[in-house]
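Undergrad: Starting off with a structure, shown below.
The values are calculated or read from the model by the stated rules, or taken from the named source; none is laboratory data. For clarity, every value in this text was computed on a predicted model and none was experimentally measured. Methodologically, a virtual Cβ is constructed for each residue, glycine included, from the backbone with ideal geometry; neighbour enumeration extends over all protein chains shown. Just so you know, the surface numbers come from the protein's heavy atoms only, side chains and all, with ligands and any DNA or RNA stripped out. Shrake-Rupley method; radii C 1.70, N 1.55, O 1.52, S 1.80 Å.
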Amino acid sequence: MYEILERLRERRPDVRMVFRHFPLREMHPRSLPAALAAEAAGEAGRFWEMHDVLYRSQDRLGDAELERYAADLGVRLWTGLDEHLRRIEEDESSGLDSGVRGTPTLFVNGARYTGPLTLEALTRALRDSTPMP
């Protein structure tokens, strides 16, 4: 979905993307450390930059790689872990309450999107949806 959402952002710069953490720890054991790295970057105002690095480097998420990505962005990685973990857990809880059971799960203007995961279908869904108040 990363590639499709990036193309959507290029096509529709007016669309606001909101990211919520939902690390699938058993399926992707490095998802939690990656989420912690993203939160650390967010604290430094660099969340989306780290997000992009992590998604482009999904097969390279070991501690050494995460530390290098953080250093490249000027982010202090392993500080504030309790707060970062609390934020991730809040996202997970909120996701479960909203019916999220896996990733990717998308919402368009507050409604869970269940259509095809293609650029064309998402563009149509945005065009046809009712904006949130």
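Undergrad: How far is helix 63-73 tilted off the main Cα axis of the chain, in degrees rounded to 10, range 0 to 90?
TA: Computed tilt is about 70 degrees.
Undergrad: Using a 1.4 Å probe over the heavy atoms of the protein chains, calculate the carbon and sulfur portion of the accessible area of region 1-97 as a whole percent.
TA: The computed percentage sits at 49.
Undergrad: Gly95: net charge of surrounding residues, Cβ under 9 Å, Lys/Arg +1, Asp/Glu -1, itself excluded?
TA: Its environment carries a net charge of -1.
Undergrad: Another question, then. With a probe of 1.4 Å, find how much accessible area region 1-52 has per residue, and write the answer as a whole number in Å². Before the final figure, lay out each step's value.
TA: On the way: 3190 Å² over 52 residues.
I get 61 Å² per residue for region 1-52.
Undergrad: What is the magnitude of the charge dipole of region 16-133 about its Cα centre, with +1 placed on the Cβ of each Lys and Arg, -1 on the Cβ of each Asp and Glu, and no other charges, expressed in debye to the nearest 20?
TA: 400
Undergrad: Pop a pseudo-label 7 angstrom from the Cα along the beta-carbon direction at both Asp97 and Met132 and give the gap in nm to one decimal.
TA: The modelled label-to-label distance comes out at 1.4 nm.
Undergrad: How far apart, in nanometres, would the label points at Thr123 and Glu6 be if each is projected 7 angstrom from Cα along the Cα-to-Cβ direction?
TA: 1.8
Undergrad: Any idea of the accessible area per residue across region 57-133, 1.4 Å probe, to the nearest Å²?
TA: 65
Undergrad: Rounded to whole Å, give me the distance from the Cα center of region 50-76 to that of region 1-19.
TA: Comparing the Cα centres of region 50-76 and region 1-19, I get a distance of 21 Å.
Undergrad: Right, next: Which whole-number percent is the relative contact order of the chain (Cα, under 8 Å, 6+ apart)? Could you put the intermediate results ahead of the total?
TA: Details: 102 pairs, mean separation 37.5, N = 133.
It comes to 28 percent, rounded to a whole number.
Undergrad: Please compute the volume of the convex hull spanned by the alpha-carbon atoms of region 3-44 and report it per residue in Å³.
TA: So the per-residue Cα hull volume is 90 Å³.
Undergrad: Using the basic label-point model (7 angstrom from Cα toward the beta carbon), what is the Tyr55 to Arg86 distance in nanometres?
TA: Distance between the two pseudo-spin positions: 2.8 nm.
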